[in-house]
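Down below is the structure, laid out as structure tokens.
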Amino acid sequence: MRLIRLRRSFLVALAIALPAWAQPPTAPASSDHAPTPAVQAFLNQRPVVAFRADALGGTAADRASLAQLAIAEALAGGAPGEVTREETQDAVRFDIDGHPVFFLTAGDVAALPGSGTLSAAAYRVQRRLELAIAEHREMRDPRRIALAGITSLAATAVGWALLWLLLRGRRSLRRLLLTALQSRPQHQRLLEACLTPTRTALRWTLTFLTWGLGLLLAEVWLTFVLRQFAYTRPWGERSSTWLLEVADRFLGALAQAVPGLTIAVLIFALARVATRASTVFLDRVAHGEAQLGWLDADTAGPTRRLFNVVIWLFALAMAYPYLPGSQSDAFKGVSVLAGLMLSLGASGVVGQAMSGFSLIYSRSLRVGEYVKIGETEGTVVELGLFATRIHTGLGEEVSLPNTVIFSQPVRNFSRLALGGRFVLHTAVTIGYSTPWRQVHALLMEAARRTPGVAEVPAPYVVQSALSDFYVEYRLCAQSTLAAAQRRVEAMSALHANVLDVFNENGVQIMSPHYLNDPAHRQTVDATDPWAARHPQPPLQPPLQPPLQTDA
């Protein structure tokens, strides 16, 4: 009680002494100066008055604390709570049932530009104080509290019913729209062509509308319920204001982003036009309709992809400053994080891409060629930036990383053959006792019987090695166009014919090994019919360089 009497004495002394020392506040030098921070005094949750100036050695925070205590003391006795004010030249005193509670000075008003005169500000403060006192009495009225509770329960029931109707209506409306589309014959073909996109678009559109209406319904219900109780009524009043402020900020930010978005859209549109132009031109090169000295049909496709990537990266770099939020710290942090992740995780991807470009532009491989890479042999069906796919002809598809291909030799069976064909060759090892002319003839006969072997250019046989115990013969030929994608089958047919022809002529396909001197010398008899057939052409003398004569 002594503390309360001291505070009341302080307020009375302040009311007596204030007119003598209060001076008009100094006007701000410029309207650009920020207003003094306000300290508000509350009654329950309702703001009553904002203090900005210091008085009698007390700060604005001290004045707000004393005002709240004085208001609570004045209303503690259950008095009617009549608010009056007494105005002087530089201050206004506010009383509740004749008890002074706080002062509003000219410094409190002048510190906030656009607040009007002291009298007008005092009138607004009085209205807020009267409203706060009325709500204070309402909080202690059981009848009003019960009525607010019943009203809130009824509003909750109505809100749940409306929400249920909204969800039920969304499903019914989607079903009705799909039925309407299916019932129209002119839309039947369109619906059959894009039934899934239509359903997806309807579902997302109706979901967006349902969420928007649901959130609006929840905001209306919450505002209504909060306004029913005196304690939460200020929150309910501020909820609508907050929603309007959020919408205003959103629309303002959207309006400010329109010029930048327009420039970014123009940049991306120009990039789109450039990529379309390069795509059309390089597609003509790929189809042989246009020719460039440094570009052919095989490298036109990768060059098109490379050009498009460079164009879009350049467009993104140009449009980045015009994107909304690009100058914010969050956007910059995300950009740095994304760049760091790409730099750490894309080293292998970049290596694969560079290997792919090297294979493409070095023209080591082409689609449709038959190659052997390591243990993999087959037809190249796709040459990508990261991997190359090969069909082996045995029902397998092998995908080789380009870095693996780039690090080992590639045997190409199609590069020297014309018309997209490939080379067929096989080797047999026959003992020295068998005439070499006979082996040549048998291998040529096997090539003639094989359907996948071309007649032009003609196959040929060479002795590729004279080993210790046997001679190695190699048959070389080219495939026909019918076998361009079936080298395994062509080789299988050629091997089968080699076996048949050698068996028909009684020649064993074997690689003998030396164990002891034979009883008879292993030479070809001159009377053997194969020894006189197909004579070896005479050796040609080496070419002599022309003599140099003095002029």
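Every read-out reported here was derived from the displayed coordinates using simple, explicitly stated rules and does not represent laboratory data. These figures come from a predicted structure and were not determined experimentally. Ideal geometry is used to build each Cβ from the backbone, glycine not excepted, and the neighbour counts take in all protein chains shown.
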How large is log10 of I(q)/I(0) for segment 419-504 at q = 0.25 Å⁻¹ when the intensity is taken from the Debye formula with one equal scatterer per alpha-carbon? -1.21
Report the dimensions of segment 362-412 along its three principal axes from the alpha-carbon atoms, largest first, rounded to Å. 27, 19, 16
How much net charge surrounds Val246 when only other residues with a Cβ under 15 Å from its Cβ are counted (Lys, Arg +1; Asp, Glu -1)? -1
Students often check this: by mean Cβ neighbours within 10 Å, which of 472-480, 225-233 ranks highest, and how do the rest follow? 472-480, 225-233
Net charge within 15 Å of Ile509 by Cβ-Cβ distance, Lys/Arg positive one each and Asp/Glu negative one each, not counting Ile509 itself? -3
Mean Cβ count within 10 Å, highest first, over the residues of peptides 208-218, 63-73: 63-73, 208-218
To the nearest 0.05, how large is the calculated FRET efficiency for Tyr460 and Arg305 if R₀ is 30 Å and r is the Cβ-Cβ distance? 0.10
